[in-house]
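Every read-out reported here was derived from the displayed coordinates using simple, explicitly stated rules and does not represent laboratory data. Just so it is clear, the model here is predicted, and its values are computed rather than measured. Here the Cβ positions follow ideal geometry from the backbone for every residue, glycine too, while neighbour counts run over all protein chains shown.
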Amino acid sequence: MLTQSAETEVMPDEEDLSGIYWTPPGEMERKYAHQNLVAAISGRNADCVKLFTADAFEVPSAFPAGFLDVAIDTAAQEACGLYRIFYDRYDYATRPEWFSCEGMDTDEVFGGVYARLEKSGVFEWYQQGGSPERFMDSDATKSAL
């Protein structure tokens with residue numbers, strides 16, 4: 001990205017404009033949740049678990065990059081989430097991992113899920129222009145559309 005200096009010359013922006021951003025989260029019905037998220041919430045009080053989803057996009061191109069799906073257990077004050085993408089006729093998803101979300105709002109929970117996913121390296125396949133199969137356990141995480 002280019003910015004203009006006070007001397008009116010064009011200068012490169014030094015910010016790192018790479019990664020993933022997501023839309024504001026919206027509530028999701030259980031029937032639309034990936035099997036990995038459904039498995040993660042099984043055994044929890046259904047009245048206390050809220051599901052959310054957000055569309056994910058690549059920075060800076062704004063190219064669609066999948067979805068972030070999140071479950072929040074309001075009684076236990078815990079959340080888990082996964083990265084999900086439809087690719088080559090399959091529905092891929094990472095395995096969700098529960099973490100404490102005490103005092104967090106929904107946006108902060110999504111930020112926590114993203115940080116955990118980024119740290120795990122799950123977005124490398126996308127940045128390398130490859131296939132998600134290499135970075136996700138295909139036996140448990142993909143299902144045919």
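How much length would be gained if the chain were fully extended between S100 and R44, taking 0.36 nm per residue of separation minus their Cα-Cα distance, in nm to one decimal?
Length gained, S100 through R44: 18.7 nm.
Report, in debye and to the nearest 20, how large the dipole of the range 39-113 comes out about its Cα centre when Lys and Arg carry +1 and Asp and Glu carry -1 on their Cβ.
It comes to approximately 280 debye.
With 25 Å as the cut-off, how large is the P(r) tail for the range 17-136, expressed as percent of Cα-Cα pairs?
Distances greater than 25 Å cover 18 percent of the Cα pairs.
Amide H neighbours of M28 under 5 Å, counting only residues 5+ apart in sequence or on other chains, H built in-plane at 1.01 Å?
L51, F52, T53
Along the range 26-38, what does the Karplus equation 6.51 cos²θ - 1.76 cosθ + 1.60 (θ = phi - 60°) give for ³J(HN,Hα), rounded to whole Hz, x for Gly and Pro?
x, 5, 10, 6, 4, 5, 9, 6, 5, 4, 5, 6, 4
Quick one: 3J(HN,Hα) in Hz for the range 69-76, Karplus 6.51/-1.76/1.60 with θ = phi - 60°, rounded, Gly and Pro as x.
10, 9, 10, 10, 8, 5, 6, 8
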